[in-house]
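Heads up: the structure comes next, in C-alpha cells.
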Amino acid sequence: MVAKDGQEYTRESIKDNQLSLLLPTIQMILANEESKQKSIRIRDARDREQQRYFTTGQKISIRAPQWLALMEDKITWQVNEPAAQAITRIHQLALEGKEYRGITMIMNRDKSYWSPDPKPHNPEGVW
C-alpha cells in the first residue's frame, strides 16, 4: 500500500518497523473525527433552520418549482398562474393516457402555454 505521504507499506517494511503504521493510523483517526464534527455541524444547522421554520414560518429554502415563487417575506408563496395552467394541462394529458414524449411534443408545439425558463441544460426553454 502506498500512503498519501508517498510512504510505501509492505509486509516486510511493517515487520521491520511496526511503528511505521502509527502516523497513517493517527491520520485516519483524525480524518474520521473531522468527518463526525462536520456531520454534527450540518445537523445542527438543519435543526436551527427547522426550528426557525416552526417558530416564524420562514421557509428554509427558496428553491421551488417554477410555478411557485417565494415572496420577499420568505413566508408566503405566490403562484405563477400561466405556469400552473401549463402544469394542469400536462396532468390532464397524462390522465388522458399520453406518454411523456407525447406530452412534451404537444407542449412544445402549443405556444399558448407557458414554457420553462431557459437554463444551461435547456437553453431554448422547451419542455
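The values are calculated or read from the model by the stated rules, or taken from the named source; none is laboratory data. Given the structure is predicted, the values throughout are model-derived calculations rather than measurements. Virtual Cβ from ideal backbone geometry, glycine too; neighbours counted across all protein chains shown.
Screening the range 43-61 for residues that are among the β-branched types (Val, Ile, Thr) and surrounded by 10 or more Cβ atoms within 10 Å (Cβ to Cβ) and picking the one that is farthest from the chain's Cα centre (by Cα) gives 56. The residue list 34, 12, 72, 49 contains one member that is more than 30 Å from residue 126 (Cβ to Cβ), among the acidic types (Asp, Glu) and assigned by TED's automatic domain parsing to the domain that holds residue 127, which is 72. Listed by first and then second residue, the pairs with beta-carbon distance under 8 Å, at least 6 apart or on different chains, first residue in the range 54-79 and touching a residue at least 24 places away in the same chain (Cβ under 8 Å), second surrounded by 10 or more Cβ atoms within 10 Å (Cβ to Cβ), are 66/80; 66/83; 66/116.
When 99, 72 are checked against the criterion of being closer than 30 Å to residue 54 by Cβ, among the acidic types (Asp, Glu) and exposed (fewer than 15 other Cβ atoms within 10 Å of the Cβ), 72 stands alone in meeting it.
Answer yes or no as to whether residue 24 is at pLDDT below 90 and under 30 Å from residue 8 (Cβ atoms). So residue 24 fits the description; yes.
Yes/no matrix, rows are residues, columns are (1) within 22 Å of residue 64 (Cα to Cα); (2) hydrophobic (A, V, I, L, M, F, W, C); (3) in a helix (DSSP H, G or I):
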| site | (1), (2), (3) |
| --- | --- |
| 85 | yes, no, yes |
| 93 | no, yes, yes |
| 104 | yes, no, yes |
| 107 | yes, yes, yes |
| 111 | no, no, no |
| 124 | yes, no, no |
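Here 55, 104 are screened, and the one residue that is more than 17 Å from residue 127 (Cα to Cα) and out of contact with any His (no Cβ under 6 Å at 6 or more places or on another chain) is 55.
Note on the range 62-83: residues that are over 18 Å from the mean Cα position of the chain (by Cα) and part of a loop (DSSP other than H, G, I, E, B) total 8.
Let's see how each residue does on (1) touching a helix residue (DSSP H, G or I) at 6+ places or on another chain (Cβ under 9 Å); (2) under 15 Å from residue 115 (Cβ atoms); (3) at pLDDT below 90:
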{"site": "62", "(1), (2), (3)": "no, no, yes"}
{"site": "70", "(1), (2), (3)": "no, no, yes"}
{"site": "78", "(1), (2), (3)": "no, no, no"}
{"site": "82", "(1), (2), (3)": "no, yes, no"}
{"site": "92", "(1), (2), (3)": "no, no, no"}
